[in-house]
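Comments concern the structure below.
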Amino acid sequence: MRHFAGVPLSGRGGGPCGPASVSGERAAGIPGDAGGIPGVCETEDAGGRLEGGYVSGKDVSVDFAQNECGDHGGDIMKKLLAVFHIEALLFLRDFYGFFFTFVFPLLMLLLYGSIYGNEPSAYFGGRGTMDVSVPAYSAMIIGVTGLMAFPLTLAGYKESRIYKRFDATPAGKGVVIAAQVLVNLLMTLAGFALLFAAGKLVYDIKTEGSFWAILGALLLSIGAVFSLGFFFTAIARDMKISNLLCYVSYFVMIFLSGATMPKEMFPEAVKKFSAWLPLTYVVELLQGVFLGAAFEEYRKSLVVLGTILIVCTASGAALYRRKSWV
């Protein structure tokens, strides 16, 4: 599980802090003023100290309002960017998130590309194997961040009471959640850009769709899958249930939606089952817009993904309002 603990801070030292102070078992999760991030000061006590530039121990004093070592009135964007910076570093340091977002799709591309190449095939309507595989692997990246990285971080921080500590500040937990959404969104887009660039350079994949059509399909797909992951954490009563829901849905979807292997290879029974999987419509939509199809041809995918986005976001938010964040 990822925590804010272990984030390197440069250690500028901290003076006396203002009145808004939080102590916990570990003060993991709150960016420190010592690292140049506004609004948080570290203090030493009998059980905690700064060692080797890493936060350790039991006490961190937090104040996003005016205090002697804070950001003196501050700006919500500065706070958001500060937490965003921490979250981005944590994402990149998390082996599994980094590997399955940036490395694994490239390995899939190179492995299957070396086997099938990208010559036009009647099996794919005259398209090359990599022409249809790159948008499918893009759906896999969305599944990694939307069904694993984002919701499990959300559930883990809640169970670790990170949000409770931020609620002791005027910024509130919304800053952390917003930073998590932004980091995972940007990492998804970066993973897609890396995959697309590799496909273009190595296999000269063909894309007939416009940049804006592809971007619009990507953002809708990301929103739908992220909202589904958010909904899973809302209905789960603890981290174990969140893990179960996210892991099961992720592995079922990436293998049976066409994200890792073409749906054309599936038997009819599997094809019928895949029609119930949200990621199937992500694959279909991305493959369609990559090949220049109009959105009207994928009305069903648009309706399904749009409905998931609205329903899961609204119901997840409603459920979270009734949950205890402490």
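Side notes on the structure shown:
- Meets criteria (closer than 27 Å to residue 210 by Cβ and at pLDDT 90 or above) for residue 292: yes
- The residue list 101, 129 contains one member that is over 24 Å from residue 176 (Cβ atoms), modelled with pLDDT of 90 or more, assigned by TED's automatic domain parsing to the domain that holds residue 148 and crowded, with 19+ Cβ neighbours inside 10 Å, which is 129.
- Residue 191 vs. criteria assigned by TED's automatic domain parsing to the domain that holds residue 304, of a type outside the set (Ser, Thr, Tyr) and surrounded by 24 or more Cβ atoms within 10 Å (Cβ to Cβ): yes
- Scanning the range 107-152 for residues that are outside any helix (DSSP H, G or I) and free of Cβ contacts under 8 Å to residues at least 60 places away in the same chain turns up 119, 120, 121, 125, 126.
- Residue under evaluation residue 168, criteria (1) over 12 Å from the mean Cα position of the chain (by Cα); (2) part of a helix (DSSP H, G or I), criterion not met: (2)
- If only residues of the range 242-271 that are more than 26 Å from residue 107 (Cα to Cα) and either at pLDDT 95 or above or hydroxyl-bearing (Ser, Thr, Tyr) (or both) are counted, the one that is surrounded by the fewest Cβ atoms within 10 Å (Cβ to Cβ) is 244.
- Test: residue 158 is assigned to a helix (DSSP H, G or I), in the same structural domain as residue 91 (by TED's automatic domain parsing) and more than 25 Å from residue 221 (Cβ to Cβ): yes
- Unmet criterion (only one of (1) surrounded by fewer than 21 Cβ atoms within 10 Å (Cβ to Cβ); (2) under 27 Å from residue 167 (Cβ atoms); (3) at pLDDT 95 or above; (4) not aliphatic (A, V, I, L, M)) for residue 322: (3)
- Residue within the range 213-221 that is in contact with a Lys or Arg (Cβ under 9 Å, 6 or more places away or on another chain) and either outside any loop (DSSP other than H, G, I, E, B) or surrounded by fewer than 20 Cβ atoms within 10 Å (Cβ to Cβ) (or both) present: no
- Residue 233 vs. criteria within 13 Å of residue 147 (Cα to Cα) and at pLDDT below 95: yes
- Residue within the range 294-309 that is more than 19 Å from the chain's Cα centre (by Cα), assigned by TED's automatic domain parsing to the domain that holds residue 133 and assigned to a loop (DSSP other than H, G, I, E, B) present: yes
- The range 237-285, subset among the β-branched types (Val, Ile, Thr) and in a helix (DSSP H, G or I), residue nearest to residue 134 (Cα to Cα): 283
- Checking each residue in the range 289-318 for being over 15 Å from residue 219 (Cα atoms), surrounded by 15 or more Cβ atoms within 10 Å (Cβ to Cβ) and not hydroxyl-bearing (Ser, Thr, Tyr) picks out 291, 293, 312, 316.
The values are calculated or read from the model by the stated rules, or taken from the named source; none is laboratory data. Computed from a prediction, not measured in an experiment: that's the story for all the values here. Quick reminder, even Gly has a Cβ in these numbers, built from the backbone with ideal geometry, and neighbours come from all protein chains shown.
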